[in-house]
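The structure appears below as structure tokens.
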Amino acid sequence: MDALRRRVLRNADLHDADLHDADLRGVDLGGADLRGADLRGARTGLSRSAIAADIAAAGVAAATGGYAAAWLGATMASALQSPLMERRVAGALLSSSLLLCLGATLVRGTSFALRFVALPTMALVSTVAVEVVLMGGKAQAALLALSVVALMTLFLVMSATATLARAVASASHRAALVVVMMAWVVGARGASGHGLPLLVAITAAVASARAKAGSETSPKISRWVARLATRGGTSFRGADLREAKLAGASLRNVDFRGARLEGVDWGSPRELEVCCFDGALTAPARKPSKRSAARRTSGSRRT
């Protein structure tokens, strides 16, 4: 069944087809009739070209993000060491805001940090800048306040890009994470201020792991990761999979959006990672392995 790999079988009539142990990586089966099809042991995932594209895109995003984080750290350090009081205040406000954002992301998730830390802080600083101008204050103070908002915006974009890059890379191929880490280091070495890139890298690693696994605190980011990670992968989008058999299949980087899944025999998938389902449908629960079941049993006995 290796001949199926990377083929386009959109709207194909595969009713009751025998696709047992088929290699469906990169195969487009969108809109196909797969009612009652035997997909047991089938292997799904990204095509080689999609993996290469994901690695390249993630590497460029990581290098850019590393440089931006290093430059932002250097700018913040320069402001804190400035002889001008206004710049030191702006630097202190920026550094405290960024640290609060990073801490909130680690503890409560990306959405919480954005809604309850970053956006309120940016709104407050912008309001203060406008009031300073209206009250006839120094224009330099207002410009510094607005620069804090601009730098925080850059930080949010850079953090989100770093998180998505790591999540998509880890969902594509194991080697992609190595490429992302090396690209981040290379980018960060392009500017001074290496402390902030390290903190951002740690936070992005935690946030990307949550997003890949399906974060309850940041569901929108998880959906974006699933959509990006399934581009170029096996597509059952809009397909009719009623009564199909998927027991023992390796389900990775699969797009199930719009598919009819009534009566699907999921069995115990060999792998179920980074699949994109409709919002109203959750992925089937994986059966625990014998080892994990034994651990739970021994744990309950101890207690």
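The values are calculated or read from the model by the stated rules, or taken from the named source; none is laboratory data. Predicted model only: the values in this text are computed from it and were never measured. Here Cβ is always computed from backbone atoms with ideal geometry, including for glycine, and neighbour counts include all displayed protein chains.
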Contact list, first residue from the stretch 192-219 and closer than 14 Å to T161 by Cα, second anywhere and of a type in the set (K, R) and modelled with pLDDT of 75 or more, beta-carbon distance below 7 Å, six or more apart or interchain, is A204/R166; A205/R166; S208/R166
Quickly run through the stretch 81-114 and pick out the residues that are more than 20 Å from S208 (Cβ to Cβ) and buried (at least 19 other Cβ atoms within 10 Å of the Cβ). A90, G91, L93, L94, S97
Consider only pairs whose beta carbons are under 7 Å apart and that are at least six residues apart or on different chains; among these, list those whose first residue lies in the stretch 255-278 and is over 16 Å from L46 (Cα atoms) and whose second residue is of a type in the set (A, V, I, L, M, F, W, C) and outside any loop (DSSP other than H, G, I, E, B). R257/C276; P269/L251
Odd one out for D16 among (1) crowded, with 18+ Cβ neighbours inside 10 Å; (2) at pLDDT 95 or above: (1)
Pick out the one residue from V178, V186, V148 that is under 30 Å from E86 (Cβ atoms), more than 13 Å from the chain's Cα centre (by Cα) and of a type in the set (V, I, T). V148
For the stretch 95-116, state whether one or more residues are under 25 Å from V274 (Cβ atoms), assigned to a helix (DSSP H, G or I), of a type in the set (D, E, K, R) and in contact (Cβ under 8 Å) with a residue 24 or more places away in the chain. yes
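Yes/no per residue for (1) of a type in the set (D, E, K, R); (2) buried (at least 22 other Cβ atoms within 10 Å of the Cβ); (3) more than 19 Å from L114 (Cβ to Cβ); (4) at pLDDT 90 or above:
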position	(1), (2), (3), (4)
A191	no, no, yes, no
V200	no, yes, no, yes
T203	no, no, no, yes
A207	no, yes, no, yes
Condition broken by A57, with the remaining ones in (1) at pLDDT below 95; (2) in contact with a His (Cβ under 8 Å, 6 or more places away or on another chain); (3) of a type in the set (A, V, I, L, M, F, W, C) satisfied: (2)
